[in-house]
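The next block holds one structure in the form of structure tokens; read it before the comments.
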Amino acid sequence: MIRFVIPAMLCHAKKKGLDGKMRKVPGPPTVRKLVGYYTNGKSPNFDRAREYSDWKQHVARHAPAMVLDATRAHPIRVDVWCFFPNGAHSDPENVRKGIVDALFPGGDKYVYGYHHFPQYDPAQPCVVVEVTPCGR
């Protein structure tokens, strides 16, 4: 088993404009977030797509060097415990999915796992990740 911690990523704050749409607040990133999975849908949100791409790079920088391929014969379990800074946050399963996407860019067909219910730590928001190769 491999266990590591991914600290929250600094993101841009957002506020609602006069038209009711959320927009980035100018200036440097100031909000610590655990970013959840995102895919472009019918109306793509390019800010969220960029934030998700940045999150996957953030995860890769904080993960230990691992060379693990999940196969049918050797699946891999990835469990996460999310410690959010406050009650406005992503779904923990989507945070887990983003971490899996970052750790297994070649495909995650044989990756499974667990996400704990949301927990809160305003001082040090983070995700605790456990990676367990199975059937080896």
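The values are calculated or read from the model by the stated rules, or taken from the named source; none is laboratory data. None of the values given here were measured: they were computed from a predicted structure. Because the Cβ atoms are built from the backbone with ideal geometry, glycine has one as well, and the counts that use them run over all protein chains shown. Just the protein is used for accessible areas: all its heavy atoms, side chains included, with ligands, DNA and RNA removed. Shrake-Rupley method; radii C 1.70, N 1.55, O 1.52, S 1.80 Å.
Could you tell me which residue out of Leu34, Ile99, Gly20 lies farthest along the dipole of the chain toward its positive end? Charges go on the beta carbon: Lys and Arg +1, Asp and Glu -1, centred on the Cα centre.
About the Cα centre, the residue reaching furthest to the positive side is Gly20.
Report, in debye and to the nearest 20, how large the dipole of the chain comes out about its Cα centre when Lys and Arg carry +1 and Asp and Glu carry -1 on their Cβ.
400
Kindly work out what percent of the DSSP beta bridges joining two residues of the chain are antiparallel, to the nearest 5.
About 80 percent, rounded to the nearest 5.
Within the chain, what is the number of lysine pairs with alpha carbons under 19 Å apart, leaving out pairs fewer than eight places apart on the same chain?
13
If you roll a 1.4 Å probe over the chain with all protein chains in place, what percent of the accessible area is carbon or sulfur?
55
Pick out, from Gly113, Met1, Cys126, the residue whose Cα sits farthest towards the positive end of the charge dipole of the chain, with +1 on the Cβ of Lys and Arg and -1 on the Cβ of Asp and Glu.
Cys126
In degrees from 0 to 90, rounded to the nearest 10, what is the angle of the helix 92-103 Cα long axis to the longest principal axis of the chain?
60
Hey, got the dipole for region 77-136? About the Cα centre, +1 on K and R Cβ, -1 on D and E Cβ, debye to the nearest 20?
Approximately 220 debye in magnitude.
Once you put a point 7 Å from the Cα of Thr30 and another 7 Å from the Cα of His74, both along the Cβ direction, what distance in nm separates them?
Between Thr30 and His74, the label points sit 4.8 nm apart.
Which peptide among 125-133, 58-66 comes first, and what is the full order, when sorted by highest mean count of other Cβ atoms within 10 Å?
Output ranking for 125-133, 58-66: 125-133, 58-66.
Based on the alpha carbon coordinates of region 30-136, what radius of gyration and maximum Cα-Cα distance (Dmax) apply, in Å?
For region 30-136, the Cα-based Rg and Dmax read 14.2, 44 Å.
Counting only heavy atoms of protein chains, what accessible area per residue, in Å², does the chain have with a probe of 1.4 Å?
With all protein chains present, the chain gives 61 Å² per residue.
Contact order normalised by length for the chain, with contacts defined as Cα pairs under 8 Å and 6 or more residues apart; what percent is it? Write down the numbers at each step before the final one.
Details: 255 pairs, mean separation 47.7, N = 136.
Value for the chain: 35 percent.
Apply the Karplus curve 6.51 cos²θ - 1.76 cosθ + 1.60, θ = phi - 60°, to the phi angles in region 33-47 and return the couplings in whole Hz, x for Gly and Pro.
Once θ is set to phi - 60°, the couplings for region 33-47 become 9, 9, 8, x, 3, 9, 9, 5, x, 4, 10, x, 10, 5, 5 Hz.
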